[in-house]
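Asks: A single structure is presented below for examination.
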């Protein structure tokens with residue numbers, strides 16, 4: 001789940017470089033970065049207690065916060081995959097027999113295909129802001145310090161709907 005975030009938490013210069021790179025990519029892809037929009041910041045906490053304390057501190061800073069365990073994320077992903085598999089494909093009315101052949105060629109995932117969830121907790125904090133380099137840098141530094149102080153890890157930011 002955290003693969004689409006910038007991985008941070010190393011040094012201030014690393015955070016700055018990653019933010020600069022990500023903003024350059026977003027601009028190149030046509031994102032509008034000069035208006036207010038939701039920015040999502042991600043964290044990983046090793047225990048529920050640390051996740052809950054981080055959530056409380058982030059809410060005090062006026063973020064909207066969600067906490068999910070890895071087990072909850074795996075369950076939600078499995079439910080979404082099952083729902084998608086139950087829906088007929090868009091071209092279901094043009095049944096020329098190819099869909100059965102394709103299904104026979106691609107093996108079904110085994111029951112053990114999902115990896116066992118760890119005991120980590122994902123914390124996501126959202127806030128509306130104009131995603132400028134300086135505002136992101138200021139937030140990243142503050143959030144990295146906060147996460148480290150509580151025993152969690154700051155994982156980075158993203159713009160929902162874009163990355």
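Asks: Only residues that are modelled with pLDDT of 95 or more, surrounded by fewer than 17 Cβ atoms within 10 Å (Cβ to Cβ) and not in a helix (DSSP H, G or I): list them for segment 47-74, please.
Replies: 61, 62, 64
Asks: For residue 141, indicate whether it is crowded, with 18+ Cβ neighbours inside 10 Å and either out of contact with any strand residue (DSSP E or B) (no Cβ under 8 Å at 6 or more places or on another chain) or at pLDDT below 90 (or both).
Replies: Answer is no for this residue.
Asks: Out of all the residues in segment 137-159, is one or more within 20 Å of residue 31 (Cβ to Cβ), in a loop (DSSP other than H, G, I, E, B) and out of contact with any helix residue (DSSP H, G or I) (no Cβ under 9 Å at 6 or more places or on another chain)?
Replies: no
Asks: Just the residues that are exposed (fewer than 10 other Cβ atoms within 10 Å of the Cβ) and either in a helix (DSSP H, G or I) or modelled with pLDDT of 75 or more (or both), please, taken from segment 83-100.
Replies: Hits for segment 83-100 are 83, 84, 85, 86, 87.
The values are calculated or read from the model by the stated rules, or taken from the named source; none is laboratory data. Not measured: the values here are computed from a predicted model. For neighbour counting, all protein chains shown are included, and Cβ atoms are generated from backbone atoms with ideal geometry for every residue, glycine included.
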